[in-house]
Amino acid sequence: MVSKPFMVDLDKPMVFQVGHLGEAYDRWVHQPIVSKDVPRFFSNDFCELLTRTKWWVIPLVWLPVICWLVSVSTQRGLTSTEVASTVVGGIFIWTFLEYSLHRFLFHMETKSYWGNTLHYLLHGCHHKHPMDGLRLVFPPAATAILCVPLWTLIKLLSPPSIAPALFGGGLLGYVMYDCTHYYLHHGKPSKGYGQTLKRYHLNHHFKVQSKGFGITSSVWDHVLGTFPAVKVGDKSR
């Protein structure tokens, strides 16, 4: 008797179902459902609440932290010019992290039960339900956990006066990334760079999901050869 492949029931909490898809998970998760009606993740209300974050929470939580980090570097002797250049350096470092995390972590292929489950929580849910506005930005608690190794590395490699502003710049880059990402899905830019960036990002979701890993810019996609090819018919658009 041939067993039937596992089918996800969208009317039931999702997280502990997707692991059962096994090797079929990657194909399933990259078939987006474009709807604002999204399924629950968990049956437990508290766990479900932790998965939902309004976009404006990100700048509300992290901008004061960034200001404090910059002030620490100022107190430790950096001039305004030095602080500004260090913050810009941190933003530049973030752009590479943004690309690398998206390409190598968020789009890793998984087949095991727990691999599929963790990937779905981390990024798979966004590709399956790209219009879910409450699961588009990272919850601050998750961001804080991910910041620990980055802050530790920066402290080890940078002088004490530079480390806070450099980390603050990276954190500012992250805030710009999350807010930009939300806007690309839910905003309606009519022209200019915003419209170009939105088209480029939606191409990643709905056409070529193996390319176009930048969010705030396509610089690293150009540098590292993952910018999606432009069709002849698209050049005039």
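The values are calculated or read from the model by the stated rules, or taken from the named source; none is laboratory data. As the structure is a prediction and not an experimental result, all values here were calculated from the model. Here Cβ is always computed from backbone atoms with ideal geometry, including for glycine, and neighbour counts include all displayed protein chains. Quick note on the areas: whole protein, heavy atoms, side chains included, nothing else; ligands and nucleic acids left out. Shrake-Rupley method; radii C 1.70, N 1.55, O 1.52, S 1.80 Å.
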Around Phe96, under 15 Å between beta carbons, what's the net of Lys plus Arg minus Asp minus Glu among the other residues? -1
Cβ-based net charge around Pro189, under 13 Å, with every Lys or Arg adding one and every Asp or Glu removing one: +4
Holding the Cα-Cα limit at 27 Å, pick out from Lys4/Lys36; Lys12/Lys36; Lys36/Lys188 the pairs that are longer than that. Lys4/Lys36
So what is the relative contact order of segment 46-154, in percent, for Cα pairs below 8 Å that sit 6 or more residues apart? 50
Just read off the accessible area of Met7 with the full protein assembly in place, 1.4 Å probe, to the nearest 10 Å². 150
From zero up to wherever the largest Cα-Cα distance of segment 85-237 sits, split into 5 Å bins and tell me the percent of pairs in each. 2, 8, 15, 21, 20, 16, 10, 6, 2, 1, 0
Rg over Rh [alpha-carbon atoms, Kirkwood Rh] for segment 1-91: 1.26
Listed residues Gly90, Gly22, Gly212; largest mean-square fluctuation, Gaussian network over the chain with Cα springs below 10 Å, found at Gly22
Which order do Tyr193, Tyr113, Tyr183, Tyr200 take when ranked by solvent-accessible area (1.4 Å probe, heavy atoms of all protein chains), largest first? Tyr193, Tyr183, Tyr113, Tyr200
In degrees, nearest 10, range 0 to 90: what is the angle between the Cα axis of helix 80-100 and the longest Cα principal axis of the chain? 20
Given Cα pairs under 8 Å that are at least 6 residues apart, what percent is the relative contact order of the chain? 28
With every protein chain in place, what's the accessible area of Lys155 (1.4 Å probe, Å², nearest 10)? 110
If unit charges are put on Cβ atoms (+1 for Lys and Arg, -1 for Asp and Glu) and the dipole of the chain is taken about its Cα centre, the option from Leu69, Gly170, Val219 lying farthest towards the positive end turns out to be Val219
The chain - accessible surface per residue (Å², probe 1.4 Å): 57
Report, by chain and number, residues whose modeled amide H sits under 5 Å from the one on Ile33, excluding near sequence neighbours (fewer than 5 apart, same chain). His129
Rounded to a whole %, the carbon-and-sulfur portion of the accessible area of segment 14-224 at a 1.4 Å probe is 68
Local charge sum around Leu21 (other residues, Cβ-Cβ under 13 Å, Lys/Arg +1, Asp/Glu -1)? 0
To the nearest 10 Å², what's Ile93's accessible area with a 1.4 Å probe? 80
Which order do you get for Phe46, Phe96, Phe227 if you rank them by accessible area with a 1.4 Å probe, largest at the top? Phe46, Phe96, Phe227
Can you sort Val29, Val65 by solvent-accessible area, 1.4 Å probe, largest first? Val65, Val29
Calculate the dipole size of segment 133-237 relative to its Cα centre from +1 charges on Lys and Arg beta carbons and -1 charges on Asp and Glu beta carbons; express the result in debye to the nearest 20. 500
Please report, in Å, the Rg and the Dmax of segment 1-153, where both are computed over Cα atoms only. 19.4, 74
Nothing charged except the Cβ atoms of Lys and Arg (+1) and of Asp and Glu (-1): what's the magnitude of the dipole of segment 14-224 about its Cα centre? Round to the nearest 20 debye. 420
Can you tell which of Arg27, Arg135, Arg199 shows the greatest fluctuation in a Gaussian network model of the chain with Cα springs below 10 Å? Arg27
